[in-house]
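Below is one structure, written out as structure tokens; the observations come after it.
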Amino acid sequence: MKIEEIKTEDLHPEEFIKLKVEEISSIVGTGLAVNALSGGVDSSTVTILGHRALGDRLKTYFIDNGIMREGEPEHIISLFEDMGVNVELFDANEIFFDGLRGLTDPEEKREAITQAFYKDVFGNLVMESGAKYLLQGTNLTDVEETVAGIKRQHNILAQLGIDTEETYGYKVIEPLIQLRKSGIRRVAKVLDLPEEIYKRPPFPGPALAARIIGEITPERVEIVRKATKIVEEELCNTKAFQYLAILHEDRVTGVREGKRDYGLQIEVRCWDSKDAITGSPTRLPYETLDRLAERITTEVSGVVSVTYNITKKPPSTIEAI
Ligand code: XMP
């Protein structure tokens, strides 16, 4: 079924919120629902819409899958507690790393994340809680890119012909599916989410795993996590659409203190984009690039090479896998 887009300029956030709260309420009825909050603008918006509609009958989890950025679970949980929304932390490190072990193909890694999330984590959480619905913040761009076969966005199910009730034991409600990211930001602002959330640069569902070429192990996640922190600190005032660090699989010869150092490569990407469908690299000042190289090679152990991506999307994509 074709999804009817609500263009950001045609959106009336107050009306949209009222409609979606009513819709969620009437679908779930007197039953229970669950949702996963990651702290991105999409899942944050759904969390607030869901709580307005269902109150305590929506149980919100933060799934700590081991591939999030530094300090993210604690920070997001406390931000929502401040808004009166109780979020339960679910430790899924083992489930995710077990599912990802030995995989190097990008689509296989994405599929493993989907299975870990929907089958192993939510299949059980939903069964234990007695909920029948999972609320999630799928947006129109996620659907289009998956259906076009560009890459499987981890949260696309029904649009790929997957019957979630049959496969995982629950139905999925997607209140934001007609919107682009810019529209979701407008809704988030009207919902009184903090600026830090409604202005947050996009972050992919598969988290840092989308930025690791080759196998995803806790050690390799830690390297990209440290590089990500530096990139975010250095580029947060650029007004770019998104900025990220990628860990490459190949090593290159470097030299440290006069000795050979066969080390790791980090690629930095910084994007100008409106909707993530197309993008171009931000023309960062050379001093900024210089500082990034300096900090990453001194603060992230084992890295001897830092590159900056100068390719547009297309043919590149924003993330690496
Ligand atoms: P790509 O890499 O496809 O990314 O050019 C387009 C936008 O989508 C984000 N992204 C994802 N978001 N689930 C998501 O919710 C995913 O699986 C996923 N993969 C990429 C990416 O960060 C960019 O903003």
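Descriptive notes on the structure:
- Note on region 111-154: percent of Cα-Cα distances in each 10 Å bin, starting at 0 and stopping at the bin with the largest distance, equals 25, 43, 27, 5.
- Net +/- balance of residues flanking THR282 in space, Cβ distance below 11 Å, scoring K and R +1, D and E -1: +2
- Here the chain has 49 percent of its accessible surface on carbon and sulfur atoms, given a 1.4 Å probe and all protein chains in place.
- Compactness ratio for region 212-308: Cα radius of gyration over 2.2 N^0.38 Å (N = residue count) comes to 1.11.
- In the calculated pair-distance distribution of region 38-85, the portion above 12 angstrom amounts to 63 percent of the Cα-Cα pairs.
- Evaluating 6.51 cos²θ - 1.76 cosθ + 1.60 at θ = phi - 60° for every residue in region 294-302, the Karplus couplings come out as 4, 5, 5, 6, 8, 9, 10, 4, x Hz, glycine and proline recorded as x.
- Restricting the calculation to Cα atoms, the chain shows an Rg/Rh of 0.97 when the hydrodynamic-style radius is the Kirkwood one.
- Region 1-56: GluC sites (Glu not before Pro) in DSSP loop, at most 10 other beta carbons within 10 Å: GLU4
- Kirkwood Rh (inverse of mean 1/r, distinct Cα pairs), region 86-235, angstrom: 17.1 Å
- Unsatisfied cross-links (Cα-Cα over 31 Å) in the set LYS119/LYS239; LYS109/LYS229; LYS189/LYS313; LYS59/LYS181; LYS20/LYS151; LYS119/LYS181: LYS119/LYS239
- Taking amide H atoms as placed 1.01 Å from N in the peptide plane, the amide H of LYS313 lies under 5 Å from those of GLY279, SER280, each 5 or more residues away in sequence or on another chain.
- Karplus-derived 3J(HN,Hα), 6.51/-1.76/1.60, for each residue of region 284-291, Hz, glycine and proline x: 6, x, 4, 4, 5, 4, 4, 5
- Cut-off of 10 Å, at most 13 other beta carbons, DSSP loop: longest stretch of the chain lacking such trypsin sites (Lys or Arg not before Pro): 102-198
- For GLU88, the residues 5 or more places off, or on other chains, whose built amide H falls under 5 Å of its own are THR60, TYR61, PHE62.
- Across region 142-158, coupling constants 3J(HN,Hα) worked out from phi with the 6.51/-1.76/1.60 Karplus curve, θ = phi - 60°, read 4, 5, 4, 5, 6, 5, 6, x, 6, 7, 7, 5, 4, 9, 8, 10, 4 Hz, and Gly and Pro carry x.
- DSSP bridge pairs, region 170-321: antiparallel proportion in percent, nearest 5: 70 percent
- Of the whole protein surface, GLU287 contributes about 120 Å² of accessible area at a 1.4 Å probe radius.
- Mean residue ellipticity at 222 nm, helices only, the chain: -11500 deg cm²/dmol; runs of at least 4 DSSP H residues each add -39,500 (n - 2.57), and the sum is divided by the number of residues.
- Here the translational diffusion coefficient of region 1-147 follows from Stokes-Einstein with Rh set to the Kirkwood radius across Cα pairs; for 37 °C and 0.692 mPa s it amounts to 197 µm²/s.
- Annotation: per residue accessible area for the chain equals 47 Å², rounded to a whole number [probe 1.4 Å, protein chains only].
The values are calculated or read from the model by the stated rules, or taken from the named source; none is laboratory data. Because the structure is predicted, anything quoted here is derived from the model rather than measured. Note that we place each Cβ from the backbone using ideal geometry, even for glycine, and neighbour counts take in every protein chain shown. Calculation scope for accessible area: heavy atoms of the full protein, side chains included, ligands and nucleic acids excluded. Shrake-Rupley method; radii C 1.70, N 1.55, O 1.52, S 1.80 Å.
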